[in-house]
Amino acid sequence: MRLARSIPWTLVVPAVALVALAATWGRKPGDVVLALVAALLAGAVLASVHHAEVVAHRVGEPLGSLVLAVAVTVIEVGLIVALMASGGRETDTLARDTVFAAAMITTNGIVGLCLLVATLRRRIATFNAEGTATAFATVITLATLCLVLPTFTTSSPGATFSATQLSFAAVASVTLYVLFVLVQNVRHRDFFLPPDVPTGDEGVHAPPPPDRAAVLSLVALLLSLVAVIGLAKVESPAIEDAVDAVGAPQSAVGVAIALLVLLPETLAAYRNARKDRLQTSFNLAYGSAVASIGLTIPAVALASIWLDGSLVLGLNSTQITLLVLTAGVGALTILPGRATLQEGGLHLVIFGAFVVFALNP
């Protein structure tokens with residue numbers, strides 16, 4: 001009894017989620033089982049947040065933000081490829097819709113929420129403009145190369161890339177992502193630390209966990225991610241049915257996936273903003289956007305070799321308009337290195353517009 005009480009829920013929930021995954025994989029569970037799976041899925045997401053934060057605390061910033069960003073992207077890639085491989089309805093645009101949704105959620109939803117929290121506490125939110133601008137510029141460049149250009153190319157029909165163009169986009173995405181990681185964590189690491197923290201001092205508010213706890217959390221994080229990806233795949237038919245039931249377009253499936261996989265990132269960014277660690281929140285948000293595009297596009301490009309159907313990556317006119325608006329407002333928010341409640345409101349309104357037009361194109 002004492003042993004059971006001493007095991008934290010963050011280890012119990014992923015274990016139970018894996019058992020549920022093994023019991024439901026390849027089957028069509030009923031509504032009651034789907035409800036239980038959804039609860040375990042939410043628990044596994046929260047557990048992954050906890051373990052990612054433990055690992056992040058151990059390795060320090062900005063590398064710690066990278067841990068959760070990559071973890072979230074692994075979930076995203078796994079879900080997209082799994083759904084495309086299963087031949088779900090209208091999966092040709094699933095990668096585009098999910099990646100674009102992830103970009104809008106991170107650069108507007110998470111950033112706007114964190115600015116709102118920070119400015120309500122301190123009136124003026126400060127952050128390191130050099131590092132944040134570098135991350136945001138990388139996001140916009142990747143989004144333009146991978147999601148805007150396919151709409152205007154003429155070598156292949158529709159909003160698609162030719163084989164040569166897709167190969168270039170995949171290689172360019174990986175290159176820019178690797179370059180960003182090197183700049184963030186090696187060459188200009190101080191650009192991604194809070195402006196009031198001296199170089200070499202990450203401003204840790206509590207002693208880092210011991211190596212044993214960090215390794216345990218790393219293993220638990222990996223298991224939690226497996227559970228999240230698998231259980232989300234089990235829930236995907238229910239998500240598609242719900243989208244059909246409300247009369248929303250199939251692109252809403254990509255939005256639902258992005259909202260699901262970015263829940264850990266959102267919670268972690270919100271917690272850091274409440275603790276006056278806005279730079280860490282921005283590292284999480286923009287780092288996830290960079291990873292989402294820079295790693296997902298090459299993965300689905302590689303998967304498209306053996307998957308049926310075409311890979312539609314080009315955005316429509318409404319999505320391009322929202323991306324251009326995000327680029328302009330985001331640049332004006334970041335470059336001063338200071339932001340007010342107004343900037344937070346602007347980003348949240350843009351995010352609201354994205355949700356409304358995604359459900360009502």
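FYI, it's all coordinate maths here, none of it is from the lab. Model, not experiment: these values are computed from the prediction. Note: ideal-geometry Cβ built from the backbone for every residue, glycine included; neighbour counts use all protein chains shown.
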Task: Cut-off of 10 Å, at most 14 other beta carbons, DSSP loop: longest stretch of the chain lacking such trypsin sites (Lys or Arg not before Pro) - done: 124-274
- [ ] Using a cut-off of 13 Å between beta-carbons, work out the net charge of the residues near residue 304 (Lys and Arg +1, Asp and Glu -1, residue 304 not included).
- [x] -1
Open item on the list: Counting other C-beta atoms within 10 Å, and keeping those with at most 15, which DSSP coil GluC sites (Glu not before Pro) do you find in the range 70-138?
Closed with: 90
Open item on the list: Given contacts defined as C-alpha pairs under 8 Å and at least six residues apart, what's the relative contact order of the range 2-359, whole-number percent?
Closed with: 39
Open item on the list: Taking 22 Å as R0, compute the FRET efficiency from the Cβ-Cβ separation of residue 213 and residue 182 and round it to 0.05.
Closed with: 0.20
Open item on the list: I need the peptides 236-242, 262-268, 341-347 ranked by packing, meaning the mean over residues of other C-beta atoms within 10 angstrom, with the highest value on top.
Closed with: 262-268, 341-347, 236-242
- [ ] Could you pull out the chymotrypsin sites (Phe, Trp or Tyr not before Pro) across the range 278-347 that fall in loop regions by DSSP (anything but H, G, I, E, B) with no more than 13 other Cβ atoms inside 10 Å?
- [x] 306
